[in-house]
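Report on the following structure.
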Amino acid sequence: MKSNGDQKIKEKGAELLQFILLTMILFGFWLIMSGMWQVKFLVVGFAASLVIAWVTRPLLRIPSQTVPNKNYLAFNLPYLKLLAYVPWLLWEIIKANIDVVKLVLDPKMPISPAIITFEKSMSNPIAHVFLANSITLTPGTVTVDLKDGIYHVHAITEQAARSLVPAEGEGDMSKRVADLFNEKPANSGKGSAV
Amino acid sequence: MKILAVFLILAGFFFTVVAAIGVLRLPDFYTRLHASGKADTLGIALTLVGLGIYNGFSLVSVKIIIIAVLIMLANPIGTHVLARAAYRSGVKPWTHKGES
Amino acid sequence: MTIDNLFIAVLTGLTILTMLMMIRVFKGPTVYDRLNGLAVIGTNVILILTVSGFISGRVEMYVDIAITYAILGFIGLVVIAKYLEGEGNGKG
């Protein structure tokens, strides 16, 4: 662990980077939405994005779930790793949809829904957001409740439940998300059917 | 390029139809969420991307792609918020044993 | 078949789907079923707006309306779901 002062400076730098990034994203959104290139519109847009990025600073500082007195920034994502993660997620989404199509159009409707719970302790709340959203978009599972790292997932078939929470080890998806955010694979992956 | 756009639009429309049938046909609230949360998201996104490709590269296409990305992000969140509200109010999931 | 006919066919199909979804909104046993139906209607309406923009030839206007509709619909859904959270067992 480094000294406290170093940590403070590092957090300040990350926050400044996020501020600049957010201003640029908002200004880009303004440019696309307005589609006008006169100077007065550009100045108004830039001023508005600056003010919004400044005012929303405290909202984007999210406290860690396990480590006390540590904050994460909402836009401080591992963008390079996301480039590899998103195509995999898209492929999973397409598989999920073919699954749903089969289930819905089958006249017998072979479903056996159940709610399963499992625990996955991660320090970064943004990682939880990613994992919950990915679970919702992938085959046969919808995140129902998430509190303090305990997931309640509604699975539509037993096969879907087993692919998310295998009998031993942890599921492919939670491993990938933990990898994405450099989370240590600590005591997690213990699932139980309810 | 036009053929790809038409294919994407038709595929997206198909998924939207499946989502609607699923929401009408499945037995309980949580299973209906599976239909609306997955098939609808992909259906809308595919159709919008198809329309964007059909329109060619312009500001309007960029806006259409922005809507698609927005829906890809917002629809799972909406599904999750609904599911959590129902779960915390004690809506029981349907099972083969209960048959309720 | 010209592309305009395809757009009109898709638009008609989407309108029928929206009407069908009203069945779920009126019938749904729990209030969450009704909300789910409304969410699906909301996403369908975004598509209807964009496609009708292509038919009428004024896409740039309709796309702006669609973006506004998407954002407002999402915020409305989240607010209503939050409001209903933990309100009995949702019968009604």
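Derivation of every value follows stated rules applied to the coordinates shown; laboratory data play no part. Please read all numbers here as calculations on a predicted model, not as lab measurements. Backbone-built Cβ (ideal geometry, glycine too); neighbour counts: all protein chains shown.
At-a-glance table
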read-out: Exposure proxy ranking, count of Cβ atoms within 10 Å, fewest first, for B:Met72, A:Met33, C:Met61; value: C:Met61, A:Met33, B:Met72
read-out: Unit charges at the beta carbon, dipole of region A:27-128: most positive-side option, A:Ala127, A:Leu89, A:Ser34; value: A:Ser34
read-out: Magnitude of the charge dipole, chain A, Cβ model with Lys/Arg +1 and Asp/Glu -1, debye to 20; value: 560 debye
read-out: Per-residue [θ]222 nm for chain B (sum of -39500 (n - 2.57) over DSSP H runs n ≥ 4, rounded to 500); value: -26000 deg cm²/dmol
read-out: Dipole magnitude of the protein assembly as shown, debye to nearest 20 (Cβ charges: Lys/Arg +1, Asp/Glu -1, about Cα centre); value: 400 debye
read-out: Among A:Tyr151, B:Ser89, A:Ile62 - extreme Cα towards positive end, dipole of the protein assembly as shown, charges at beta-carbon; value: A:Ile62
read-out: Helix axis angle, B:2-25 relative to chain B longest principal axis, alpha carbon, degrees; value: 10 degrees
read-out: Shape call, the protein assembly as shown: gyration tensor on alpha carbons, a/c limit 1.5; value: oblate
read-out: Relative contact order for chain A, counting Cα pairs under 8 Å that sit 6 or more residues apart, in percent; value: 19 percent
read-out: Overall form of region A:1-154 per C-alpha gyration tensor (a/c, 1.5; a/b vs b/c); value: oblate
read-out: Cα gyration tensor category, rounded, prolate or oblate, for region A:4-73 with a/c compared to 1.5; value: prolate
read-out: Contact order normalised by residue count of region B:2-88, Cα under 8 Å, 6+ apart, percent; value: 32 percent
read-out: Distance between region A:66-141 and region B:1-65 - C-alpha centres, whole angstrom; value: 19 Å
